[in-house]
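Have a look at the structure below, then the notes.
The values are calculated or read from the model by the stated rules, or taken from the named source; none is laboratory data. Just so we're clear, the structure is a prediction, and the values are computed from it rather than from any experiment. Every residue, glycine among them, receives a Cβ derived from its backbone with ideal geometry; neighbour counts consider all protein chains shown. Side chains are part of the model used for accessible areas, which takes the heavy atoms of the whole protein and leaves out ligands, DNA and RNA. Shrake-Rupley method; radii C 1.70, N 1.55, O 1.52, S 1.80 Å.
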Amino acid sequence: MARAGDLSPEEFREAASRVAEWVADYRDRVEEFPVLARVSPGETAAMLPSSAPEDAEPLEAILDDLDRIILPGLTHWNHPGFLAYFASSSSAAGILAEFVVATLGVNAMLWRTSPAATELEERVILWFRELLGLPESFEGVILDTASTSSFTALLAAREAAGVDSRELGLTGRSDVPPLVVYISNQAHSSLEKAAIAAGLGRQSLRRIETDDRYAMDARALERQLRSDLKAGALPTMVCATIGTTSSNAVDPIARIADICAEAGVWLHVDAAYAGPAAMLPEKRELFDGWDRADSIVVNPHKWMATPMDCSVLLFRDRRPFRASLALTPEYLSSEHEGALDLMDVGLALGRRFRGLKLWFLFRQMGAAGLRALLRRHLGLAADFADRMRRDSRFELAAPVPFGTVCFRAHPRRTRSGTSEARMNAVFDDLEAANEGGRVSNELEASNEWNRELMARVNRRGPVFLSHTVLDGRFTMRLAVGSVHTEARHVEAAYLILCEEHDEMAGAGGSAIGEERMTTV
Ligand SMILES: *Cc1c(COP(=O)(O)O)cnc(C)c1O
């Protein structure tokens, strides 16, 4: 094995089979690991040599260390009990495609640097566009993440706003009014980052208030737009979300589209997570009006079984995208009339052959298979939400339009009816444990209870939940979105929640008090 160059053809065949075996084996045994990594900071680094090996090592040694050092330090995103954040899971099609992508190692920056990669990317985006029910006027590109997609959209919107920042930049100019970006107070942080990176600054953001379903208040948006216009600002982009990260809220897109059309403002729709659900006729209603957006982002690497990274940026007009970033130095010029150079849309020159992942996925699962996957997830989330509604120990914290359930535990109740007196003791202890006044009221005590409950659940191993804060209240999230998750995994999450909840209630207040002291 200690060759100076790469493996010989025979060695490669053998090594590839060995890795394929490891991959298949990992998929079989991933459930045996705790979902959430249990290592402490520095633990993995301490097992790694401080310098690169001077001599080539056999594949077996690397695979051994992969098992020994790396796997214990991973949070297993492909564990079926991964119910935190939004899942990003690897379907077989996705894994196989990645293997081929790496093998071809194509860089589709220009049409001629791989015509088929460019044309396949265009074609799978058109397939996707059609499955999503969007009109033919949409085309797009595949970028790495939704953060990049939304940033790219903001650059196009900035150009479309007519300040010619491409030539003149934004600094040192007295002729540029303040550029303003509108998002709801539930929008993803990537929009804030985009505003920072695009030179607009955080002060350019208007965080529009939301209603009792955490959806943008369209009238508040309208009011804000008016007052900004009056003050001489230049509204540059409105970003509406379908399926917010926090609670899956759906902004009133049709109303917002009306407002944007009237004011002549760029509408960007962030459907990074929920977008694939537009493939389901029964969910189309939630996407009403998104066909009027100037740009849309949907991440197949979230709810569509595609391994990181794959974010589809759709748009109706390529010109502002080209106007913001297209640039061809002499050494990249080529003479193919009418051919599309993907580097012209977006910041990156080099680009991975991501279209191949969607091509494998659409073909290996079929549109019917993808719809079935989404419906399975929606069904599992609906079942879990039902349990939260029926079980007096819990409550739903937000509507459940997609696959994510926001819920809270009631600290005071157990199914068997723990006495008020006992529970009051819990709160007394909590307050006693925090004489500094941190836990000064029932809301904070309840937040603390929920935080502790989630930590206990996550320590158990088989499932991983994450949280958000809604109206100042700590809220657990269970998001079903992995190709591997089945009914029994969501069931396990429910049972573990119940066990830990009852354990906490039964343990009285002192345990929580002590825990607080160590975690605060
Ligand atoms: C996850 C998410 C993003 C960011 O996605 P990346 O691909 O990780 O950048 C943006 N918007 C929403 C609504 C999301 O859920």
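What accessible area per residue comes out for the chain, rounded to a whole number of Å², with a 1.4 Å probe? Let's see the in-between values first.
Numbers: 23810 Å² over 520 residues.
Averaged over the residues of the chain, the accessible area is 46 Å².
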Here, GluC sites (Glu not before Pro) of the stretch 298-344 satisfying both criteria (DSSP loop; at most 13 other Cβ within 10 Å) are Glu335, Glu337
To the nearest 20 debye, the chain has a Cα-centred charge dipole, built from +1 on Lys and Arg Cβ and -1 on Asp and Glu Cβ, of 1240
PRE zone check, label point 7 Å out along Cα-to-Cβ of Arg376, amide N under 19 Å, scope the stretch 446-488, hits 463-464, 479-488
So, over other residues within a Cβ distance under 10 Å of Ala487, counting Lys, Arg +1 and Asp, Glu -1, the net charge is -1
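Within the set of other residues whose C-beta is less than 13 Å from the C-beta of Arg206, count the net charge using Lys and Arg as +1 and Asp and Glu as -1.
-1
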So, with points 7 Å from each Cα along the Cβ direction, the Arg123-Asp65 label distance in nm works out to 4.2
To the nearest 0.05, the calculated FRET efficiency linking Ala368 and Asp25 through their beta-carbon distance, R0 being 35 Å, is 0.75
Of every hundred units of 1.4 Å-probe accessible area on the chain, the number belonging to carbon and sulfur atoms, as a percent, is 51
In nanometres, the difference between 0.36 nm per residue of separation and the alpha-carbon distance of Val39 and Asp175 is 43.5 nm
Taking Cα pairs closer than 8 Å and at least 6 residues apart, the relative contact order of the chain in percent is 20
Hydrodynamic calc, the stretch 175-285: Kirkwood Rh from Cα pairs, then Stokes-Einstein at 4 °C with viscosity 1.567 mPa s, so D in µm² s⁻¹ is 91
Site Ser137, offset 7 angstrom along Cα→Cβ, radius 13 Å on amide nitrogen, limited to the stretch 316-355, gives 316-318
With label points set 7 Å from each Cα along the Cα-to-Cβ direction at Glu10 and Glu499, the distance between them in nm comes to 5.3
Listed by chain and number, the lysines with an alpha carbon less than 17 angstrom from that of Lys357, same-chain partners under 8 positions apart left out, are Lys302
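Work out how much length Glu285 to Arg319 would gain on full extension: take 0.36 nm times their residue separation and subtract the Cα-Cα distance, in nm to one decimal. Let's see the in-between values first.
Values: separation 34, 0.36 × 34 = 12.24 nm, distance 2.98 nm.
So the chain would gain 9.3 nm between Glu285 and Arg319.
Net charge around Phe321, counting only other residues with Cβ within less than 9 Å of its Cβ (Lys, Arg = +1; Asp, Glu = -1)?
Counting the neighbours of Phe321, the net charge comes to 0.
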